[in-house]
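So the structure is just underneath, and the comments pick up after that.
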Amino acid sequence: MGAGVRVSGSLVVAVVVASLRGPLAFAQVAMTQLLEQADAAFARRDFQAAAALYDRAIASAGAQSDRVPAEVYAKRASIFLLEKQSAEGLQFIVELGEKAYPDDPSIGEQKILLMTRLPGRTAEALALAEQFVARHPETYALQLLVGDHYYKAGPGHEERAITAYNAALRGLPEELKKAEQAVRLKLGLLYGQKHDFQSSERELLRAIALPGDGRTEPYARRGLCAAHSGQRLWALARRSCEQALGAPMLRGDPAPRYHLGLAYLNLPGQGAQARRAAEALARLSPADYRGALLAGRIELAERRFPRAAAELERAVALAKGAPEAVHWLATLYLRQPSPAPLAAIDKLRPALAQHPADTDLVADLRAAYLAARRPDQALSVVERALRNQGDRPDARLLLLAGDARYDSGDLAGAARRYAEVPRGSPSAA
């Protein structure tokens, strides 16, 4: 080269590599440059430019498709997902990505996410996702997918949703931490559905403390209201329920109004406010069972049994067998001056058939059978509930099973059940 001509360091390296390895090295350098440009376009969210550059880089590899890093196939697939080209993306994964890297987690993850966007493929995608996260628990996007599926599935699926969400949080990258608030909210609500109110409170407080757009916090405070009520922390429940009802989108919500009424009922000197809360709830949401339920609980607390029966029977009719309403009606039947355990059994049996995972109903039916002097049936209902829960029975249910065996005279069986209660569980305290 002539004097005064400057050559960049990267070009010198390229020339040296080319002199050693020939055309293949030039091709590798060209691919590297394409991928650098593609990554830059991806980072600035110019997805069309990034897609074109990734496609050129992949095409440049020819038959040696594994010269392209697996991450490139995953990124290109993610652009198909972002651009709502799911069928084309799935074809790309099957024909190119999986052929180059059959077992790569990042490619497999994108394949499943693409499948969820295709009509008729959601169930297949979820089944694959569950198998995939068992082998690759760090794949946060699929853990969120599984968690959301079981979150929407409703009662009886809380544990699987909780497991998936906790795994997703452990793998959540820093740039996606803004999603943490919504996941913590869902965790808090799921723990509340399981009546694990301490864990519910913990997750909801975490959600409130995280930065967000302001839309999640009111719903976290709504859940916190129920968690404090569930723990019978009535002063805290009053405050958190009042905070929840201060949000414009929740002012007509019956749930925090119900729990606020319970807080008033259980705080000294607040009986009149509890009654006003029940009246307001019935007036604002006449079709919601919680107005009648709150009124019935107030009458029961004041030992006005006929009035309590009328309100609680109305609550059960409005609730169409909701466990909480049936629980309180059964409680009335067993607490009134002339207990009516057979009436309680008549209400509880169909409710438990409809909600077999509800431990409160199991406990209520056991108590009703004992009051009716049927200890064998009391034992049977608890043991059947344990079998329904499979390998991970509720700690409270194990305690009930121990109590039921003790009541029936099976002391050895009672000891075995008590020994099965996990150490440190709130029910064992």
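Axis angle, to the nearest 10 degrees, between helix 70-82 and the longest C-alpha principal axis of the chain: 60 degrees. What's the angle, to the nearest 10 degrees (0 to 90), between helix 254-266's Cα axis and the longest principal axis of the chain? For 254-266 against the chain, the angle is about 50 degrees. Accessible area per residue for the chain in Å², computed with a 1.4 Å probe and the full protein assembly in place, what is it? Per-residue value: 53 Å². Modelled this way, with points 7 Å down the Cα-to-C-beta line, the labels at A134 and S60 are 4.2 nm from one another.
Within the accessible area of the chain, the carbon and sulfur atoms contribute 53%, probe 1.4 Å, all protein chains present. Could you give the nm distance between label points at A301 and E83, where each point is 7 Å from its Cα heading toward the beta carbon? Distance between label points: 6.2 nm.
Restricting the calculation to alpha carbons of region 92-156 gives Rg and Dmax of 12.2, 42 angstrom. For the chain, the longest principal axis of the Cα atoms and the long axis of helix 234-245 meet at an angle of about 60 degrees.
Ordered by 1.4 Å accessible area with all protein chains kept, K75, K84 run largest first as K84, K75. Simple spin-label estimate for R384 and E98 gives 4.5 nm between the two label positions (7 Å along the Cα-to-Cβ direction from each Cα). For region 331-429, relative contact order (Cα pairs under 8 Å, six or more residues apart, normalised by length) works out to 19 percent. What do you get for Rg/Rh over the chain if you use C-alpha atoms and the Kirkwood form of Rh? We get a ratio of 1.15 for the chain. Taken one residue at a time, the phi angles of region 391-396 give Karplus couplings (6.51, -1.76, 1.60, θ = phi - 60°) of 7, 10, x, 5, 4, 5 Hz. Gly and Pro are set to x. Peptides 293-301, 391-399 ordered by packing proxy, namely the average of other Cβ atoms within 10 Å per residue, highest first: 293-301, 391-399. Structural size metrics of region 253-344, computed from C-alpha coordinates, are Rg and Dmax of 12.4, 37 Å. Residue-wise HN-Hα couplings along region 406-421, as the Karplus relation 6.51 cos²θ - 1.76 cosθ + 1.60 with θ = phi - 60° gives them from phi, are 4, 4, 8, x, 8, 5, 5, x, 4, 4, 4, 5, 4, 5, 7, 5 Hz; Gly and Pro carry x. Here the Karplus relation 6.51 cos²θ - 1.76 cosθ + 1.60, evaluated at θ = phi - 60°, turns the backbone of region 133-142 into coupling constants of 5, 5, 8, 10, x, 7, 7, 4, 5, 6 Hz, with x for every Gly and Pro.
Remark on region 298-369: ratio of C-alpha radius of gyration to 2.2 N^0.38 Å is 1.01. Segment A49..E279, full-extension length gain: 76.6 nm, with 0.36 nm per residue of separation and the alpha-carbon distance subtracted.
Let me know the Kirkwood hydrodynamic radius for region 259-405, please, with Cα pairs as the basis and the value in Å to one decimal. Averaging 1/r across every pair of different Cα atoms and inverting gives 16.0 Å.
When only alpha carbons are used to place a centre, region 208-244 and region 148-190 end up 18 Å from one another.
At q = 0.10, 0.13, 0.18 Å⁻¹, what is the base-10 log of I(q)/I(0) for region 26-180 according to the Debye formula with one equal point scatterer per Cα and no solvent? Please give it to two decimals. With one equal scatterer per Cα and no solvent, log10 I(q)/I(0) is -0.39, -0.64, -1.11. Restricting the calculation to Cα atoms, region 159-287 yields a radius of gyration followed by a Dmax of 15.7, 51 Å.
The values are calculated or read from the model by the stated rules, or taken from the named source; none is laboratory data. Computed from a prediction, not measured in an experiment: that's the story for all the values here. Heads up, the Cβs are rebuilt from the backbone with ideal geometry, glycines too, and the neighbour counts pull from every protein chain shown. Ligands, DNA and RNA are excluded from the accessible area calculation, which covers all protein heavy atoms including side chains. Shrake-Rupley method; radii C 1.70, N 1.55, O 1.52, S 1.80 Å.
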